[in-house]
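Below is one structure, written out as structure tokens, with a few remarks after it.
No lab work stands behind these numbers, since they all come straight from the coordinates. Keep in mind it's a predicted model, so treat the numbers as computed, not measured. Here the Cβ is made from the backbone with ideal geometry for all residues, glycine too, and neighbour counts use every protein chain on show.
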RNA sequence: GGGCGCGUAGCACAGUUGGUUAGAGCACCUCCCUUACAAGGAGGGGGUCGUAGGUUCGAGUCCUACCGCGCCCACCA
């Protein structure tokens, strides 16, 4: 056994230990039919990602689960990788170009893509490197990227298959358009935020009448594309106007007044301007009434040639101008403040424009059926459970998924159009979905065929993550042999479905729900059994940590200052299941201090085990152990039991705190202190060794690096605890009687320390103690373990008969564990019997309050009748004990001169 | 408009199915550099568990309403 360095220095051990595990392939998962598989796929961070606290939390949780399962004998696999993050990554490279005053159009598609790949090559592994600094036990050799060759093949396969099943289609729809990114977005990518805006009331002159019809709108600029005004069919105010015509101001266009049930007569004026090309509701009305669709915006948000005089001006500039012009024309009736929810681009936060456009969609309803069922019948479970409802609600109201994006970085749609055959009115004519590149039209053989310039939504590749990462669909590539394909197939079979998905609730819709759907569609099975949703990391003011807010704490900085293990343990211990995590830098001191404690306690044990022949198995049977030995073994097994329960329920903070409590406040504070009395006994040494060895095992998933370092010193090996087994609970050592006895010793010890402290007795000075108890058994426990008290409370003599003498003439007493405890002190001027009496009076008063409450309870016939007998008995006993304690205190009080 | 979470000590939090005198951490006060550890040890002060009702023998825990904070979803212009 080697000694540990005097000072714990995480910098000297952490990286070394991580590399050691990796070198020994402990992170590698492979098929082992003798074991149960336990696999996790990492939520792939964006290639543009920089490690933040959310990642730190997310991956620490996964790492704990993986390591613990591996120790429990499962064959574990943690699949790592990154996501190409279409828009986000494209934006990064575009911003880089912008610094040189270039746009992507300036460089062209091919060159631009090369620039993105170059960027990916250079910076794309940053996040992976950073994950390693968290000590993640990922199987790095398997690291996947959503745009690597095989993965792209999966995306292609899925597109083709869904298209064959008519679940992918092309159509003209109102979609969410980001004028800055200039692409369509899915509904999930355009979150609505409440904004304070205005409701403008605008008069539309009725044709051939000296009347006006007033409409209310939040987006006046869209009036340029109005093709009707709608009122409710039963609205008496407007009944006679239905079918008539109004003149659209500014455009001088004649538009119809239509009747539609959609209109709410109570809102605004009860008359709605209808802009079918720029609003989803108006779109629906436009369809119902066969209205014209006039698009008045360029893709970049400027007004187009359909916008009359406003052609060329930005949508918000146009809004201002239109309001001014309407004012001039005296057509603006009034303006009201109005708050409504406005969609924003989830990548650049620009206000979304509902935009009429031709896009590709996935029909979701059929895919949702098995995904709904699996969660309803419990084949997939959410933790915490409340998210189930959120999931089900979304699934039940699922909308079709817009998957085409007008950007360049991503999987290009495997769709080809023939210029000759294309037909504006027929979405399928001249359109070909193909696995291979087409250079001739399959219909007319024309070579005027071109591939769709669009790429697929990033999530269209990530939703395949749980199986595509294993090599599905196993097509032959230039680097694959039939054997390697065969192996991949078997690996998927072995590791799929994965055990648990660990992620944040923000992406339930984006990702979790879609993976469940794709799992059923392509694997015919769930992708994972459990979904563990952890909270969001916030600053201590409750704000979400983000780079843009400038309130983030950099995990790498924390690692540099406190160490990886400290970061992990701190983070986990303050993360209660599903709750958001409030972080401040100081919180990491918690983990650091604990690591330090582990180090020092281990150091003590190692020093004292020097040369001793101890093994884990050599613990004597219980009867041969002293109280302290038996107690700590009981504590350990109870701790382990609780730990196992907490882990099974994903209550990792509870698990961390159970470990902390045991190691620090039981093993260190009491057992190690007591062990010093018998440090040369082989039994004590064995127990110490055993406790250290087992503690290291159970702490390893939480703090893998420090535990491995100590483990190697303890065992003289160079292995990792990862490859060792999780301890079993040994019920034989759990002993409530031993626990009770030890509790008495501890209570009395605290009582003596308390008396010493209150009476200003110097820590070095020994005191004589007088202990009285009516119960000879308890007295016996105290007397036979008196050496513990002598050591822990610096007691000289301990004896029921100790009396004051002329040198030490005063006995100061208190009660603990039902015993009367007195210490003999020498009299000095600071001693004031009156103060002692007051102290005792206060104690008595408090006890009396409890007794009164209890007696009232016990006097209640309903309570005695209805409460479980054990509870009643406990109350009775407790009341009795309190009364006895008061008696003792009163005796002590009256003895005071 | 619907849904969810939170409100417990000065601070930020835990409290699993309702059952002894509501818990640790940080901060604070007193004492101690005691031979594993001052990133430590011993002791201590501090809480009408957001408010008001209700269910119950018994409520921080369950129910209802309300107040405050935060989040998510939804096509009311």
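Computed quantities for the displayed model
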{"read-out": "Fraction of antiparallel bridges per DSSP, chain A only, in percent to nearest 5", "value": "75 percent"}
{"read-out": "Separation between Cα centres of region A:663-692 and region A:556-587, rounded to whole Å", "value": "30 Å"}
{"read-out": "Angle between chain A longest axis and helix A:627-648 axis [Cα atoms, degrees, rounded to 10]", "value": "10 degrees"}
{"read-out": "Rh (Kirkwood; distinct C-alpha pairs) - region A:232-308, Å", "value": "13.6 Å"}
{"read-out": "For chain A, radius of gyration divided by Kirkwood radius, i.e. Rg to Rh on alpha-carbons", "value": "1.11"}
{"read-out": "Principal-axis tilt of helix A:365-376 within chain A, Cα atoms, nearest 10 degrees", "value": "10 degrees"}
{"read-out": "Cα gyration tensor shape of region A:396-439, rounded if a/c is under 1.5, else prolate or oblate by comparing a/b with b/c", "value": "oblate"}
{"read-out": "Shape call, region A:1-137: gyration tensor on alpha carbons, a/c limit 1.5", "value": "prolate"}
{"read-out": "Taking A:517, A:722 and counting other C-beta atoms within 10 Å, the order from fewest to most", "value": "A:722, A:517"}
{"read-out": "Cα-based equivalent ellipsoid of region A:628-775: semi-axis lengths in Å, sorted from largest, via gyration tensor", "value": "32, 18, 15"}
{"read-out": "Virtual spin-label span in nm between residue A:309 and residue A:493, 7 Å along Cα→Cβ", "value": "7.4 nm"}
{"read-out": "Neighbour-count order for A:316, A:636, A:432, fewest beta carbons within 10 angstrom listed first", "value": "A:316, A:432, A:636"}
{"read-out": "Translational diffusion of region A:142-213, µm² s⁻¹ [Kirkwood Rh, Cα pairs; Stokes-Einstein; 10 °C; 1.306 mPa s]", "value": "89 µm²/s"}
{"read-out": "Rounded tilt (10° steps) of A:280-289 against the dominant C-alpha axis of chain A", "value": "40 degrees"}
{"read-out": "Ratio of the Cα radius of gyration of region A:667-753 to 2.2 N^0.38 Å, where N counts its residues", "value": "1.30"}
{"read-out": "Whole-Å distance, taken between Cα centres, linking region A:374-388 and region A:256-332", "value": "44 Å"}
{"read-out": "R0 of 51 Å, Cβ-Cβ distance residue A:324-residue A:28: FRET efficiency to nearest 0.05", "value": "0.15"}
{"read-out": "Modelled label reach - residue A:556, point 7 Å along Cα→Cβ, region A:118-140 residues with backbone N closer than 18 Å", "value": "A:119-136"}
{"read-out": "Label-point separation, residue A:890 to residue A:194 (7 Å along Cα→Cβ), nm", "value": "6.3 nm"}
{"read-out": "For region A:72-195, diffusion coefficient by Stokes-Einstein and Kirkwood Rh (Cα), 10 °C, 1.306 mPa s, µm²/s", "value": "88 µm²/s"}
{"read-out": "Nearest-0.05 FRET efficiency for residue A:166 and residue A:790, computed from C-beta distance (R0 60 Å)", "value": "0.10"}
{"read-out": "Whole-angstrom Cα spans of region A:604-696 along principal axes, big to small", "value": "41, 26, 20"}
{"read-out": "Cα gyration tensor, region A:1-75 - rounded (a/c under 1.5), prolate or oblate", "value": "oblate"}
{"read-out": "Neighbour-count ranking [beta-carbon atoms within 10 angstrom, fewest first] of A:278, A:344, A:28", "value": "A:28, A:344, A:278"}
{"read-out": "Residue A:393 versus residue A:376: modelled label distance in nm, points set 7 Å from Cα along the beta carbon direction", "value": "1.8 nm"}
{"read-out": "Theoretical ellipticity at 222 nm over chain A - DSSP helices of four or more residues, -39500 (n - 2.57) apiece, nearest 500", "value": "-13000 deg cm²/dmol"}
{"read-out": "Square roots of five times the Cα gyration tensor eigenvalues for region A:324-455, Å", "value": "36, 33, 14"}
{"read-out": "Residues listed by number, region A:186-203, amide nitrogen under 20 Å from residue A:342 label point at 7 Å toward C-beta", "value": "A:186-202"}
